[in-house]
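Inspection log for the structure reproduced underneath, given as structure tokens.
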Number of protein chains: 2
Amino acid sequence: MRTTAGPHLLPHLPLVRGNGVALHQQLFDGLRRAILGRVLRPGGRVPSTRALAQELGVSRLTVLTAYDQLLHEGYLEGRAGAGTFVSGALPDDALHATPLRRTRAPNAPNATNATGAATPSSGTVRDDASPGATSGRREDRGLRPFRLSLPALDEFPRATWARLVSRHARALTPAMMAYGLPGGLGVLREAVAEHLRTSRAVRCEADQVLITSGSQAGLRLCAAVLLRHGDVVAVEEPGYPGARSAFTAAGARLAPVPVDDEGMDVAGLASLGARVRAACVTPSHQYPLGVSMSAARRLALLEWAERHGSWVIEDDYDSEYRYVSRPLGALQGVDAAGRVIYVGTFSKVLFPALRVGYLVVPASLRDAFFEARDAFDIFSPTLYQLALADFIREGHFVRHLRRMRTLYHGRRDALLDGLARHCAASITVHNAEAGLHVSTWLRDGMSDVALVRRMQERRLSATALSTCYMGAAARSGLLLGFGGSNERQLRAATRTLGELLASDAS
Amino acid sequence: MRTTAGPHLLPHLPLVRGNGVALHQQLFDGLRRAILGRVLRPGGRVPSTRALAQELGVSRLTVLTAYDQLLHEGYLEGRAGAGTFVSGALPDDALHATPLRRTRAPNAPNATNATGAATPSSGTVRDDASPGATSGRREDRGLRPFRLSLPALDEFPRATWARLVSRHARALTPAMMAYGLPGGLGVLREAVAEHLRTSRAVRCEADQVLITSGSQAGLRLCAAVLLRHGDVVAVEEPGYPGARSAFTAAGARLAPVPVDDEGMDVAGLASLGARVRAACVTPSHQYPLGVSMSAARRLALLEWAERHGSWVIEDDYDSEYRYVSRPLGALQGVDAAGRVIYVGTFSKVLFPALRVGYLVVPASLRDAFFEARDAFDIFSPTLYQLALADFIREGHFVRHLRRMRTLYHGRRDALLDGLARHCAASITVHNAEAGLHVSTWLRDGMSDVALVRRMQERRLSATALSTCYMGAAARSGLLLGFGGSNERQLRAATRTLGELLASDAS
């Protein structure tokens, strides 16, 4: 590959050290120019990260980071086993592409729209991000401001969706009414695999995709297949309560591993030794703190899994809605040893009551996952699989995601604005870079649980950060969802929260 | 109750011993006359089984049997806690009612139509009756003749269903698109509870009903809630492979208990002692042999459960399609101690790809079941729950079941006729009284597994009886489904099977 792609490519990749622009950024720009300028032809293979790194005398991480962003923005696409290629179909507005991080204008055309839009897992805030998995959800199913896990249901293209559902309901054949396969309908598995390959750099074929009843079901299946009774599974601390309940329901024991600004502390994980059968992580947007796992940590985690023959469960729950900086591609895409199980859901990109998610599993585990699904509930309803496959193939999915990215960006800014205006004395924003919630710290000495209870009396539904800890909470804070409320509602809600805090203080 | 209902009722119940008509039969006829003659008014309460038994000097079982049939045929309805009442709405053709067992004419009007029609669990042949649960199902998803678990998909009122689905898809509100409760939608739970009360004599309120993703999911939830890792669960031998896979997936150990002509050998179960946490039975129509559990065995089983504090899982999978004799009501309806979990599904009454079933759980277990559902996949898709509730409430469900009973009766007769004509030398019918499959014995020395394999080559999809045994199979036989093929197809299939058998013999 070096010999073919290298020579004519090199002139377009003039890397200058110490000019204030990161090397991976310069490399991204150069490769993007080469693609838009047709130096790299659509469908053409690009050098492997290792080859190009050698050629340019830069680290493989630098190339990996640039490739990930190009994959993320749709200029490149990965094909399982075959390598990385220039996209056949470039983002429709690629010629005017401006990476999102360079602008915050809600409606500025930018390439990430086109590609983020092509991602099933986009903005899929956890299936059940409510604190204490069950109880929280049961008590508050509402659509209240700050509710986690809630997409903009009022903005969903209901008429289009109803048309597709009605079309397939009328056309249901006996074959489509009979038993289906545990893996799901081929047409949907193909659509999911293609989107994950092109927009999340996931390395998969359709037959590695397993359609689930949402990501909670996906995590529960991982527990059933990967963990025997009494096995130890490492979870992030703080972390996602729903994953913990899925693992403990399978009789597994939880080993909390601290999270810092680079994600799960892999050194701490490694110190637990070989007895850890699996580690569950949220690399793109850590739940609940929001940090992105660093590339170094990602490689260390994969190395850990390979060395111990353990598994990594990648819960890629809202990797697409990013408002600052660029996300890395999926951890799964960098996994050469087939140790990663990738978990995603449509609950937030479309709507929770759809109950459709997916897993991408290593070929070696496919049959085991099918058997487990079979023993659980056999397969998912067929009608929604048919409608969803059309929704994706006919481009509605892409358009919806693009609209949502702009919409959520505005809602997020409204929330941050309201917090700064009304709550600054008690609440510090910790992370608001991505997803559908903002993670915050409370002033020392304040109890987040008590505050959340008081907020409920005012019909506000936040989540207490401390409920995401297995052990003693290091910090108290609020997780504030902004997906399900419009900007006016969010401003009003922050005002109400400010009043609450003021009355507490007095 | 005795004093009120007794006096004027007695003259209508002249029981004559030794006239060749069983006492419960005479009692059924007398009570039915009293209801049709308005001696017992619609909505009026009837004496308790115990009171009437004392009054008439007959055993409680005699009264129980008569009441069960009246409940089954819609003349009586049970109300949880309150007792048993004369139906407000009698079967529309009750005045011409002739119990089904008295006629085999496919289109003779009879009361069981009206009532059978009112039963969600009707004809729900197992969710996955294929041999070897997983493998069998994966290899053969077809619509081939003799396929088990297959309803008459071509006869389903698709247009009506599509209309209901489209109506609700267009009207989806944000609240209906958001997260739902693990128990399911109240409107559907109400509809299911009412049908089970009136047509299956199940004692339940809507809040005991939990909507599942089909009966496999229901069994898996039972395993999660009732069985700890290593616990022993008693299963029928021969029995349903899907149930066994659900229990073993939860880490439970299986204790096979032989089945005879009265159902599971409860004495054998009792001999296993207190260490058995639960017993899973199919009392209405034993899977696979087809026998109905005797009333004496039912009471003994309930007594066993109460004595040991164990649980009974009643898999009431196709209790409504009966062609000979009368079924008893659900075991759950006789359970005073709250030890029975009732499992049902709509997969066969409507269609498998619907993926909707239900559980009726004792109030004491409700929260535990909700938590388990929450950890598995939270809740079922909302749209189908809405459409299904309307399908039941608007009477489509009743009409469809009525049509299906007649249709399946004809298909069963066509199968029996074809077997007698073409296969009598090698195949003996063991049970064809109910449900959507016929259980048969093969001539001594014939291997059912080998025969099933040869049948597959001829595109026939039977199930080998021996695959339903955990231990060595006592007999070899074929389970032949007749729900999914019309009479012509079934005649052709039996002809093909006859040719196969002849070529084997030669």
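None of the figures in this text is laboratory data; all of them are computed from the coordinates on show. Note that the structure is predicted; figures quoted are calculated from it, not measured. For neighbour counting, all protein chains shown are included, and Cβ atoms are generated from backbone atoms with ideal geometry for every residue, glycine included.
Summary of values
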| read-out | value |
| --- | --- |
| Computed FRET value (nearest 0.05) for A:Ala296 with B:Ala425, which takes r as the C-beta separation and R₀ as 60 Å | 0.20 |
| For A:Glu155, inter-copy label distances in nm, listed shortest first [label point 7 Å out on the Cα-Cβ vector] | 5.0 |
| Point-to-point label distance, B:Arg253-B:Ser325, nm (Cα→Cβ direction, 7 Å offset) | 3.5 nm |
| Phi to ³J(HN,Hα) by Karplus 6.51 cos²θ - 1.76 cosθ + 1.60 over the stretch B:467-472, Hz, x for Gly, Pro | 6, 8, 9, 7, x, 5 |
| Derived scalar couplings ³J(HN,Hα) [the stretch A:414-424; Karplus, 6.51 cos²θ - 1.76 cosθ + 1.60; whole Hz; x for Gly, Pro] | 4, 5, 4, 4, x, 5, 5, 6, 10, 10, 4 |
| Förster radius 56 Å - calculated FRET efficiency between B:Arg495 and B:Arg60, Cβ distance, rounded to 0.05 | 0.65 |
| Length gained when the stretch A:Ser447-A:Val187 is fully extended (0.36 nm per residue, less Cα-Cα span) | 88.7 nm |
| Other-chain or far-sequence residues with amide H under 5 Å of B:Ala278's (modelled H) | B:Ala234, B:Trp311 |
| Nonlocal amide H pairs with B:Ala434, under 5 Å, H built at 1.01 Å | B:Tyr323 |
| Teacher prompt: A:Glu457 distances to equivalent labels in other copies, 7 Å Cα→Cβ, nm | 7.9 |
| Formal net charge of residues neighbouring B:His229 (Cβ-Cβ distance under 11 Å; K, R +1; D, E -1) | +2 |
| Cut-off under 5 Å, modelled amide H: who pairs with B:Ile341 long-range | B:Val312, B:Ile313, B:Glu314 |
| Using alpha carbons only: equivalent-ellipsoid semi-axes of the stretch A:176-394, gyration tensor based, whole Å | 27, 20, 15 |
| Per-copy distances of the A:Gly471 label point, shortest first, in nm (7 angstrom along Cα→Cβ) | 5.2 |
